[in-house]
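Have a look at the structure below, then the notes.
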Amino acid sequence: MTAHTRGVFRPSAEVRRILIIEDEPINQMILARYLEGNYSVLLASTGGEAMEIIHKEQDTISLILLDLNLPDIHGLDILSRLNADPRYARLPVIVVTADIKAEVDCLTQGAIDFIPKPYPPREIVLARILRIIELSEDRDVLRWTERDQLTGLYNKDFFYHHAVMLDDHHKTLLTDAIVLDINHFHTINDRFGRAYGDKVLQRIAEKALDLVSVSGGIVCRSEADTFYMYCPHQQDYGDILEKMSVDMDDEDEGAGSENRIRLRMGVYSSVDKSLDIERRFDRAKRAADTVKDSITQAIGIYDDAMYEREILADRLIEDFPAALREKQFQVYFQPKFNITADKPALCSAEALARWNHPGMGMVSPAVFIPLFEKNGMIQALDYYIWTESARQVRNWKDTLGVSLPVSVNVSRIDFLDPALVGKLKGIVEEYGLDYKDLILEITESAYIEEAGQIIETIEQLSALGFCIEMDDFGTGYSSLNTLASLPIDVLKLDMELIRSAFLDPKAKRLLEAIIKLAESIEIPCIAEGVETAGQTADLKEMGCDIIQGYYFSRPLPAADFMQFVREEEKQEV
Ligand code: C2E
Ligand code: CA
Ligand code: CA
């Protein structure tokens, strides 16, 4: 497809080239003189010569002027050859002829206009040429923007447009929306290089085109390694997946040995056509996400459970602004105990968001936090939770006379806000707190993602005096030996890490090693999700410093937590 190699920019007039195919020297001369100063000219006196030039210069030729009577090939033959070859089909051809009767034949063979012989005045010829060139360039630009440059497939916008047209023409046809993702495409790119990755994408695009040309659908590349397919409903999705898989082999320089490219697939089958097209592919995409980390399953189907979740998500998103306004969100506090001394001592609390929804009762943060992270509401919610937490710390100082720091969760999405540091600083100042009164829990995965920028912000927060806890440690993949260089005051071990340590001796040794390592770089460890006295004792022995979990207390509403603190204070004395 020639569109891949040519840019979308229009060539300026001086560099536009016109190929004149004409055997009479006198006609050659007249035409060349007409064009002089406006175009650069290529000349061919025979059909053979012309085809050779076209083959070599196809990308730089803007227009062909074709005489029908040539010594070797007839002009009509040249026309039909150009018309039949997709590489040349875009080249506009004006036929120059004295034979008015040939017009119909020429048009059916793909000529776009005529210039009669003897030639009309120069201005008329030039005007006609310019109009045709501009027309064909517009058509090129259109074709270009319709298509993805690398694979020649439709781009997403045009795909959606065509999908809607398909629906218009086949109103009662059952249709499937299918999303295909390449597994670990990043790794493929990293290991074998970009050129190889590009080749993989091209191969898959070819397969996809083959497939839809049989099934009667359309396909596009929507993003880097994601393909969308919209096609008549089918039964056997395994078959599609099989047909789309490609084997790269020795000939594909880069990979060295045979390399099977694996795909995963999401299907929203027999789509509801009252939904807009984006939404239908959203569903297919979510279905594909359900098998993202699976090694046994490659096909995810959009089902009722996903539908229910989607309805719930829509409702929660819709209800969010009112919920924030009407203070339906509450902060619960879960105590943390320092266990390094003989007697455990209350040392801080984690603030955890709760949503007391008027229609649904208590909604778990495990449901709404990921949702709000995706939809950008988390920033407003977290700001509210931080402020409420700071207000409570102030309240405990004033009414109980105790200084108990609270740790708040800071989502990686919060770091997208350039005003983050200022906002946290503002809260501390507003309630007359010390920076040490607010601990920031930042999940391990935030340190890895777009690492540079986030770490810089964490460093600023740390420099102000905020205490930084790395949350959920063990779920991400930060290497242990980089911990020392990161701005971390406390390591909060992931609950799963703790849980598995009590089930499996190997996991226990790993946990022990992590705690020892943290100790060696003087970072204390918190274990969360601790539920029994036995676990507490074990963790203490391993060298863990702080414990949080049901063993000491569940997360409590502010009033109950205050009572809890009072009791603890009493026991202290
Ligand atoms: P997380 O930060 O890892 O919080 C710990 C979770 O473990 C909390 O769940 C807590 O209630 C639960 N938990 C505590 N002790 C135990 C125990 O002994 N056993 C068991 N099984 N669970 C225990 P929760 O409150 O449902 O919060 C879930 C997650 O939601 C949190 O995980 C955190 O990532 C997020 N989250 C909660 N509140 C906020 C918030 O205000 N802002 C942000 N950004 N995220 C929040
Ligand atoms: Ca946390
Ligand atoms: Ca955690």
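Details
- Here K292 meets the list (1) open to solvent by less than 40 Å² (accessible area, probe 1.4 Å); (2) assigned by TED's automatic domain parsing to the domain that holds Q234 almost entirely, failing just condition (1).
- For the range 482-496, the set of residues classified as open to solvent by 30 Å² or more (accessible area, probe 1.4 Å) and within 14 Å of ligand 3 (Cβ to nearest atom) consists of M495, E496, listed by residue number.
- The set of residues from the range 510-544 being small (G, A, S) and open to solvent by 40 Å² or more (accessible area, probe 1.4 Å) comprises A513, S520, A533, G534, A537.
- Here is the figure for the range 326-344: residues that are under 15 Å from Y551 (Cβ atoms), in a strand (DSSP E or B) and not aromatic (F, W, Y) total 4.
- Meets criteria (buried (at least 19 other Cβ atoms within 10 Å of the Cβ) and of a type in the set (A, V, I, L, M)) for L400: no
- Number of positions in the range 295-305 that are farther than 15 Å from L241 by Cβ and either buried (at least 17 other Cβ atoms within 10 Å of the Cβ) or small (G, A, S) (or both): 2
- Lone qualifier among A366, A305, A323, A313 - being in a helix (DSSP H, G or I), among the aliphatic types (A, V, I, L, M), over 24 Å from A527 (Cα atoms) and within 14 Å of ligand 1 (Cβ to nearest atom): A323
- Failed condition for S270, given (1) outside any helix (DSSP H, G or I); (2) at negative phi; (3) loosely packed, with under 14 Cβ neighbours inside 10 Å: (2)
- So Q334, is it open to solvent by less than 20 Å² (accessible area, probe 1.4 Å) and within 15 Å of ligand 1 (Cβ to nearest atom): yes
- Flag if I547 is in the same structural domain as V421 (by TED's automatic domain parsing), touching a strand residue (DSSP E or B) at 6+ places or on another chain (Cβ under 9 Å), surrounded by 18 or more Cβ atoms within 10 Å (Cβ to Cβ) and closer than 22 Å to K343 by Cβ: yes
- Test: residue in the range 496-511 that is aliphatic (A, V, I, L, M), within 16 Å of ligand 2 (Cβ to nearest atom), closer than 19 Å to T443 by Cβ and not in a strand (DSSP E or B): yes
- G197 in a helix (DSSP H, G or I), more than 20 Å from Y160 (Cα to Cα) and open to solvent by less than 20 Å² (accessible area, probe 1.4 Å): yes
- Residue match in the range 389-406 (condition: under 33 Å from the mean Cα position of the chain (by Cα) and either of a type in the set (S, T, Y) or within 27 Å of L433 (Cα to Cα) (or both)): no
The values are calculated or read from the model by the stated rules, or taken from the named source; none is laboratory data. Since this is a predicted model, take the numbers as computed values, not measurements. All Cβ positions, glycine included, derive from the backbone under ideal geometry; neighbour counts span all protein chains shown. These area figures cover heavy atoms from the full protein model, side chains too; ligands, DNA and RNA do not enter into them. Shrake-Rupley method; radii C 1.70, N 1.55, O 1.52, S 1.80 Å.
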